[in-house]
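One structure is given here, and the rest of the page talks about it.
The values are calculated or read from the model by the stated rules, or taken from the named source; none is laboratory data. Just so it is clear, the model here is predicted, and its values are computed rather than measured. Backbone-built Cβ (ideal geometry, glycine too); neighbour counts: all protein chains shown. Accessible surface areas use protein heavy atoms only, side chains included; no ligands, DNA or RNA. Shrake-Rupley method; radii C 1.70, N 1.55, O 1.52, S 1.80 Å.
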Amino acid sequence: MKSTLKPVLNYQSDSLCFGEKSIRLESLAKDWRGPLYVYDLGTIRERARWMKSAFRSVQAYYAMKANSHPRVLQTLAAESYGADVVSGGEIQRALECGFSPKQIIYSGVGKTLAEIELALQVGIRQINVESLPELERISKVAKRLGKQAPVVFRLNPDIAIETHPYIATGLAENKFGIESGLWGEILSRLSREKDSLRPLGLSLHLGSQMNEFESLREALKKLIPFWKEGASVSPDFRVFDAGGGLGVDYEKENPEAELELLQNYANTIESCLKDLPAETQIEPGRWLVARAGLLLTQVQYVKRNSHRQFVIVDSGMNHLIRPALYSAWHRIFPLRQDPNAKLEKFDVVGPICESADFFAKERLLPCPQEGDIWALADAGAYGASMANTYNLQALPQEICLD
Ligand SMILES: *Cc1c(COP(=O)(O)O)cnc(C)c1O
């Protein structure tokens, strides 16, 4: 294995190149047919290997809501990743793309009857339960189907992480996970419903875009006594699922720093759990795919008023909602660089009839020409998977480099 990650973006003779093979993006944008996501499967493969190798022993389940493109899923299945799904639709997509049922774990607060039936009928590995009424429903369906449901309990540790409030999930005020005060009730229900429920362990997920791990350490430590209690009631109770959430630096690309953060993340989890005879699981999404994707968009107009200058492009919050939803930052690069261009401050905005429809505010960029193509970097996670057809705009196109 190479000793470090390779940066995914660089200019060669002023032409922007992307991915493991440094493909010239201009060659993909020649006959412009609208906004285009480009994914580099080699980069995903490389990151998947780095992530696993940071741990001594781990089962990794890719959180496929981050990017559910079939070829991305096939790539991660081939790297022996499992899939962390959050809907019946994702169960089906995972099966179609090469994950076996035993490689699928299922999280989410709103599992319907039909989705639970599907999960039990295809025989997925585990259902991460998020509430008592959900547990009751799972038990009922399992009895009706004559099956024992494999359940893992997602406990809400009531711990904050430093991230945008919309992507924090581990606080009591969030809808996610089961309050730890209900653990006694869960244990007694388990002892009454042995025929329909097979408890396999605990899970937690604090949220996304974590860049330091003190809260994760605190949360893992907080759940250890609950895990031990679970393990004492059932020999099958072994899973400790530490969730996902490892962040990427959207402001710059620094491979050494990124690998150091990854190693700290793995060390945090392994050192907290080292005295338990637990099977460690993780559910990474963003870290595997964010850097491996970008969104190409074409400049339509440069519009000036007395307050601001706008670059209006043909893609917007309909294709990449992260800036509108989380005030997220994405680096922006012209496909053809002019080293002598003078930089000006622009708001980069889309065609959607909402003031939240922006990619950047007051960003220093070279003044473009109509028809120029720009790349929004690090858009491989929560980009196309969150795209929608608001304003009856077409969905973005997607291609994979391999
Ligand atoms: C979204 C999600 C993840 C993945 O989070 P990332 O920040 O993309 O790593 C993992 N587990 C659960 C339960 C999730 O909802």
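For the chain, find the longest principal axis of its Cα atoms and tell me its angle to the long axis of helix 183-192, 0 to 90°, nearest 10. Relative to the chain, helix 183-192 is tipped by roughly 50 degrees.
What do you reckon, how do Phe226, Phe153 stack up by accessible area (1.4 Å probe), largest on top? Could you put the intermediate results ahead of the total?
Working: Phe226 45, Phe153 0 Å².
Order by accessible area, largest first: Phe226, Phe153.
In this entry, the range 306-355 is assigned a mean projected area of 4.6 nm², taken as a quarter of its C-alpha convex hull surface. State the percentage of accessible surface on the range 4-68 attributable to carbon and sulfur atoms; use a 1.4 Å probe and exclude ligands, DNA and RNA. Roughly 47 percent of what the probe reaches on the range 4-68 is carbon or sulfur.
Radius of gyration over Kirkwood radius for the range 157-305, both on Cα atoms: the Rg/Rh ratio is 1.10. Between the amide H of Met64 and those of Asp84, distances stay under 5 Å, these residues lying 5 or more places away or on another chain, with hydrogens modeled in the peptide plane.
When the pairs Lys6/Lys252; Lys111/Lys221; Lys303/Lys361; Lys194/Lys222; Lys143/Lys194 are compared against a 18 Å limit on Cα-Cα distance, Lys111/Lys221; Lys194/Lys222 fall above it. Antiparallel versus total DSSP beta bridges in the chain: what percent is that, nearest 5? Just about 45 percent of them are antiparallel. Taking the C-alpha atoms only, the angle from helix 113-122 to the longest principal axis of the chain is near 80 degrees.
Simple rule: put +1 on each Lys or Arg Cβ and -1 on each Asp or Glu Cβ in the chain, find the dipole, and look at Leu187, Gly19, Ile282; the Cα lying farthest toward the positive end is Leu187. Solvent-accessible area of the range 317-402 (1.4 angstrom probe, protein heavy atoms only): carbon and sulfur portion equals 51 percent.
In whole percent, how big is the carbon plus sulfur part of the accessible area of the range 131-257, probe 1.4 Å, protein atoms only? Walk me through the numbers on the way to the answer.
On the way: 2830 of 5790 Å².
It is 49 percent, rounded to a whole number.
Projecting the Cα positions of Ser53, Ile104, Val129 onto the charge dipole of the range 23-140 (unit charges on Cβ atoms of Lys, Arg, Asp and Glu, taken about the Cα centre) puts Ser53 furthest along the positive direction.
Potential lengthening of the chain between Lys194 and Thr4 amounts to 63.6 nm, from the contour at 0.36 nm per residue minus the alpha-carbon distance. Histogrammed with a bin width of 10 Å, the alpha carbon distances of the chain distribute as 5, 22, 30, 23, 13, 6, 1, 0 percent, first bin at zero.
If you put +1 on each Lys and Arg Cβ and -1 on each Asp and Glu Cβ, how big is the dipole of the chain around its Cα centre, in Debye rounded to 20? Provide the component values of the computation, followed by the final result.
Values: 47 positive and 50 negative charges, 142 e Å.
So the dipole magnitude of the chain works out to roughly 680 debye.
The listed residues Cys353, Cys17, once ranked by accessible area (1.4 Å probe) with the largest placed first, stand as Cys353, Cys17.
Relative contact order for the range 1-121: what is it in percent, counting Cα pairs under 8 Å that are at least 6 residues apart?
On the way: 126 pairs, mean separation 19.9, N = 121.
So the answer I get is 16 percent.
Each peptide in 247-254, 235-242, 88-95 receives the mean, over its residues, of other Cβ atoms within 10 Å, and ordering these scores from highest gives 235-242, 88-95, 247-254.
Counting each pair of different Cα atoms once, what's the Kirkwood radius of the range 266-402 in Å, rounded to one decimal? Walk me through the numbers before you get to the answer.
Numbers: mean 1/r = 0.0596 Å⁻¹.
Kirkwood radius, the range 266-402: 16.8 Å.
Taking amide hydrogens as placed 1.01 Å from N in the peptide plane, the amide H of Ala360 sits under 5 Å from those of Val348, each at least 5 positions away in sequence or on another chain.
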